Amino acid sequence: MLSRRPQATIDLTALEHNFARVKQLAPDSKVLAVLKANAYGHGMLAVAQALKQADALGVARLDEALALRAGGIARPIVLLEGFFHADELAQIVASNLQLVIHHREQAEALLAASLDAPVRVWLKIDTGMHRLGIYPHEFNELYQRLSKSRNVQGPLRLMSHFASSDELDKPATANQLALFSQITKGCEGEHSLANSAAVLNWPQSHADWIRPGLILYGVSPMADAAGCEHGLKPVMTLSSSVIAVREVKAGDAVGYGGSWIAAHNSCLAVVAMGYGDGYPRGAGNNADVLINGKRLPIVGRVSMDMITVDIGNEPVAVGDKVILWGADLAVEELARRVDTIPYELLCNITSRVQFCYTPAT
């Protein structure tokens, strides 16, 4: 029986290849592999199980970390947003989690807590992102107090986050590097600054720890590049199948609102994929798919469950596989076509899509 369910195939061999590529780029740095947002839509637990060589795993929030622990992941896990309430600290200690301190209120709550054991702390400094991080003028005081606290497993690890490391023509990253160096000069503790773009573009920022995210999944953080240009392999292939083939005549309007009108007699393939599966609505009349290795245009609006593809005279049949993105049709290209970023496309895949891992987990 024909299954209409779209599929995301996650190539764990490609994931391992990308990790090896990251280590090649930063051979002297430890790797904090970022798995937040369900490993950028790839499946957090399966990715964690596959990245056995990662020195630590990074998630945004406590529930993500607890899900990894419940799945049997025993390696160091870092809460990149730290904790939100002081009553979470007992669970953080019990689950042997590490945490980022990024504002004074967190630091004060940690210092005032009564804990069963000290926690490993990464102290985040705002060097120019102006999103999270303690202010530079606060650093010396909080560094000293946290370093002396019995609640903190020393030494502190010191970190910051780049705002523009994907833009080589801007001075922002060099300025952030200089400020971080100035603030932390003479302080004990390992350093971490480099996100995916900095791993690729700013080797002087690699320091003791790098924090790759998107590049682990084979996708470029650069607006004008694809992962293959960095020696990476895409981990996710999003695919579905043709559920109908229909003839249209010249002048026929297709889909909601009739936004595409056939210029000549043609044939359409109706594909089981829509915005209800996480495929972007903006792809209508603006993107391509692959059917039997042939690049063909999406025509008409993307519906909740379906898209229509102009196949002309191509020999396409019900049941044929359709590639929405993957090795031969980069997700970065689709992101540019619909005026978004690959991160959003990957993270937006919904639970209606079936995930398949190769090799099987």
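The values are calculated or read from the model by the stated rules, or taken from the named source; none is laboratory data. What you see is a predicted model, and the numbers here were worked out from it, not measured in a lab. When we count neighbours, we look across all protein chains shown, and the Cβ atoms used for this are built from the backbone with ideal geometry, even at glycine. Areas reflect the complete protein model, heavy atoms only, side chains present, ligands, DNA and RNA absent. Shrake-Rupley method; radii C 1.70, N 1.55, O 1.52, S 1.80 Å.
How many nm separate the modelled label positions at GLN153 and ASP224, each set 7 Å beyond the Cα in the direction of the Cβ?
4.5 nm
Would you list the membrane-span-like helices of the chain, meaning whole DSSP H runs whose alpha-carbon atoms span at least 15 Å along their axis and whose mean Kyte-Doolittle value is at least -0.5?
Working: long enough: 12-25 (20 Å, -0.06); 172-184 (18 Å, 0.58).
Those that pass (Cα extent of 15 Å or more, hydropathy at least -0.5) are 12-25, 172-184.
For a quick check: with amide H placed at 1.01 Å from N, whose amide H comes under 5 Å from ALA60's, ignoring anything fewer than 5 positions away on the same chain?
Sorted by chain and number, the residues that satisfy this are LYS36, ALA37, LEU80.
Can you give me the Cα centroid spacing of the range 64-81 and the range 315-339 in angstrom?
33 Å
I need the Kirkwood Rh of the range 114-188: take the reciprocal of the average 1/r across all distinct C-alpha pairs and report it in angstrom.
When all Cα pairs of the range 114-188 are included, the Kirkwood radius is 13.4 Å.
Pairs to check: LYS52/LYS233; LYS30/LYS148; LYS124/LYS148; LYS294/LYS321; LYS249/LYS321; LYS52/LYS124. Give those whose C-alpha atoms are more than 21 Å from each other in this structure. Write down the numbers at each step before the final one.
On the way: LYS52/LYS233 18 Å; LYS30/LYS148 25 Å; LYS124/LYS148 17 Å; LYS294/LYS321 11 Å; LYS249/LYS321 25 Å; LYS52/LYS124 26 Å.
Table pairs above 21 Å Cα-Cα are LYS30/LYS148; LYS249/LYS321; LYS52/LYS124.
Counting only the heavy atoms of the protein chains, how much of ASP169 is accessible to a 1.4 Å probe, in Å² to the nearest 10?
Answer for ASP169: close to 130 Å² accessible.
For CYS187, CYS347, write out the residues from largest to smallest accessible area, computed with a 1.4 angstrom probe and no ligands counted.
Details: CYS187 30, CYS347 60 Å².
Putting CYS187, CYS347 in descending order of accessible area: CYS347, CYS187.
Would you kindly find the accessible area of ARG61, with a 1.4 Å probe and non-protein molecules such as ligands, DNA and RNA excluded, rounding to the nearest 10 Å²?
120 Å²
Would you look at the GNM of the chain, springs on alpha carbons closer than 10 Å, and say which of THR237, THR340, THR308 moves the most?
THR340
Within the range 193-233, list the residues whose amide N lies under 20 Å from a label point set 7 Å along Cα→Cβ of THR9.
What the label zone holds, given the 20 Å backbone N cut-off, is 217-219, 227-228, 232-233.
Using the beta-carbon distance between ARG69 and GLN144 and R0 = 30 Å, what value does 1/(1 + (r/R0)^6) give for FRET efficiency, to the nearest 0.05?
0.40
If amide hydrogens are placed 1.01 Å from N in the peptide plane, which non-local residues have theirs closer than 5 Å to the one on ASN292?
When sequence neighbours closer than 5 places are left aside, the close amide H contacts are LYS321.
If you wrap the range 222-269's Cα atoms in a convex hull and average its projection over all directions, what's the area in nm²? Don't jump to the answer; show the numbers that get you there.
On the way: hull surface 24.0 nm².
The directionally averaged projection comes out at 6.0 nm².
At a temperature of 10 °C and a viscosity of 1.306 mPa s, determine how fast the chain diffuses translationally according to Stokes-Einstein, using the Kirkwood radius over alpha-carbon pairs as Rh; express D in µm²/s, rounded to the nearest whole number. Please report the intermediate quantities before stating the final value.
Working: Rh = 22.2 Å.
The diffusion coefficient I find is 71 µm²/s.
Have a look at the range 175-301 and give its Rg and Dmax from the Cα atoms, expressed in angstrom.
Considering the range 175-301 through its Cα atoms, Rg and Dmax are 23.0, 75 Å.
By the gyration tensor of its Cα atoms, with a ≥ b ≥ c the square roots of the eigenvalues, what is the shape of the range 314-361: rounded for a/c under 1.5, prolate for a/b over b/c, or oblate? Can you show the working numbers first?
Working: a/c = 1.87, a/b = 1.14, b/c = 1.64.
Oblate.
Any idea of LYS294's accessible area? Nearest 10 Å², probe 1.4 Å.
Approximately 90 Å² of LYS294 is accessible to the 1.4 Å probe.
Convert each backbone phi in the range 249-261 into a coupling constant with the Karplus relation 6.51 cos²θ - 1.76 cosθ + 1.60 (shift: θ = phi - 60°), then list the ³J(HN,Hα) values in order as whole Hz, x for Gly and Pro.
9, 3, x, 5, 8, 10, x, 4, x, x, 6, 10, 10
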